[in-house]
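Asker: Supplied in structure tokens, the structure appears directly below.
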Amino acid sequence: QVKALQAKCPLLVLPLGATEQHGPALPLNTDTVIADALCRAACQQVGVAMAPVMPYTSSAAHTTKWPGTFSLTPKTFIDALVQCAKWAAATGWKQLYIVNAHAGNDAPLRVAVDQIRIELMGRLQVGYLNTFFINDAIEAHFTEDAADLHANKGECDLMLYLAPDTVDQVAISDADDPDRTEGLVFSYPVSQTSLNGCTGAPSRGCAIDGERRFAMMCEAL
């Protein structure tokens, strides 16, 4: 089956999610649900193979302030991605595209991609993207209520469309917490800038907006 997929297309897509607290209203697997659904829909449309989504990644910025977060250290996460890439190459894949739906993964992901392209040069071509910043229109939607977004309207839109039963409809009305990162000189984790793990306005979440945005993201991917 793997050889048949590779004969059609040498590309393997690897979705990255997270398991972490997402404010009072959204579930711990928010990023994982979004990454999995987006890659699954896009890959099915064009006949590209998809690896299982990675649900445990780099979420240390949430610390232990709120329960529910499971995080690898950035170094462990980098090592895990490099190992996945080596197994992909050993299995015969020629290209690996990593699709990331968790902002905290970005820095170690960039390091991992750099390491993979050097270590597997000539064997595996690697690339990546962050789902909320695929293009300007998508980025504008997700950052309209918070530049340093987390569990905000954009994410809530998607979850109300993709997994509405997992959203706390009572808590969502009082979950908003403003972005406090504008103009800061130093870097702060969300546990220092948010009161409840949310940055943005999930109370404005809308399933119809989520459906439209998901379709736009899928087409862009």
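Asker: Does region 122-136 contain any residue that is without any contact (Cβ under 8 Å) to a residue 40 or more places away in the chain, polar (S, T, N, Q) and more than 29 Å from V13 (Cα to Cα)? Even if it seems obvious, please write down each step before you answer.
Answerer: If we filter region 122-136 for residues that are without any contact (Cβ under 8 Å) to a residue 40 or more places away in the chain, which is where we start, we get 122-125, 127-128, 130, 132-133, 136.
This time we only want the ones that are polar (S, T, N, Q), so: 125, 130.
Okay, now just the ones that are also more than 29 Å from V13 (Cα to Cα), so none.
Taking every residue of region 122-136 in turn, none turns out to be without any contact (Cβ under 8 Å) to a residue 40 or more places away in the chain, polar (S, T, N, Q) and more than 29 Å from V13 (Cα to Cα).
Asker: Check region 112-120 and report whether any residue there is of a type in the set (G, A, S), crowded, with 21+ Cβ neighbours inside 10 Å and either more than 15 Å from the chain's Cα centre (by Cα) or not in a helix (DSSP H, G or I) (or both). So that I can check it myself, show each step before the final result.
Answerer: Step one: filter region 112-120 for residues of a type in the set (G, A, S), giving 112.
With crowded, with 21+ Cβ neighbours inside 10 Å added as a condition, the list becomes 112.
Add one more test, that the residue is either more than 15 Å from the chain's Cα centre (by Cα) or not in a helix (DSSP H, G or I) (or both), and what stays is 112.
Yes, there is a match, as at least one residue in region 112-120 is of a type in the set (G, A, S), crowded, with 21+ Cβ neighbours inside 10 Å and either more than 15 Å from the chain's Cα centre (by Cα) or not in a helix (DSSP H, G or I) (or both).
Results for (1) assigned to a strand (DSSP E or B); (2) surrounded by fewer than 18 Cβ atoms within 10 Å (Cβ to Cβ); (3) without any contact (Cβ under 8 Å) to a residue 40 or more places away in the chain, shown as yes or no for each residue.
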| site | (1), (2), (3) |
| --- | --- |
| T64 | no, yes, yes |
| P67 | no, yes, no |
| L72 | no, no, yes |
| I78 | no, no, yes |
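Asker: Of the residues A88, A107, which single one is out of contact with any Phe, Trp or Tyr (no Cβ under 6 Å at 6 or more places or on another chain), on the phi < 0 side of the Ramachandran plot and loosely packed, with under 15 Cβ neighbours inside 10 Å? Show your work before the answer.
Answerer: Details: A88 fails: loosely packed, with under 15 Cβ neighbours inside 10 Å.
From the options A88, A107, the qualifying one is A107.
Asker: If the requirement is being over 18 Å from the mean Cα position of the chain (by Cα), surrounded by fewer than 22 Cβ atoms within 10 Å (Cβ to Cβ), under 29 Å from R212 (Cβ atoms) and modelled with pLDDT of 95 or more, which of these qualifies: L28, L11? Lay out the reasoning, then the answer.
Answerer: Working: L28 fails: over 18 Å from the mean Cα position of the chain (by Cα).
Checking each option against the conditions leaves just L11.
Asker: Turning to a different aspect of this structure: All but one of (1) touching a Lys or Arg at 6+ places or on another chain (Cβ under 7 Å); (2) within 20 Å of R123 (Cβ to Cβ); (3) not charged (D, E, K, R) hold for V82, so report the exception by its number.
Answerer: (1)
Asker: Give region 170-207 a look and list any residue that's loosely packed, with under 15 Cβ neighbours inside 10 Å and in contact (Cβ under 8 Å) with a residue 12 or more places away in the chain, or say none.
Answerer: Kept after step one, since they are loosely packed, with under 15 Cβ neighbours inside 10 Å, are these residues of region 170-207: 170, 173-174, 182-189, 192, 195, 206.
Scanning region 170-207 gives S173, D174, E182, P189, L195, C206.
Asker: Any residue that is outside any loop (DSSP other than H, G, I, E, B), over 30 Å from T64 (Cα atoms), modelled with pLDDT of 95 or more and touching a Phe, Trp or Tyr at 6+ places or on another chain (Cβ under 6 Å) - is there at least one of those in region 131-149?
Answerer: Of region 131-149, the ones outside any loop (DSSP other than H, G, I, E, B) are 131-133, 136-143.
Checking the rest, the ones that are also over 30 Å from T64 (Cα atoms) come to 136-138, 140.
Narrowing the set further to residues that are modelled with pLDDT of 95 or more leaves 136-138, 140.
Add one more test, that the residue is touching a Phe, Trp or Tyr at 6+ places or on another chain (Cβ under 6 Å), and what stays is none.
No, that holds for no residue.
The values are calculated or read from the model by the stated rules, or taken from the named source; none is laboratory data. Treat the numbers as computed from the prediction; the structure is a model and nothing was measured. All Cβ positions, even for glycine, are placed from backbone atoms using ideal geometry, and neighbour counts span all protein chains on display.
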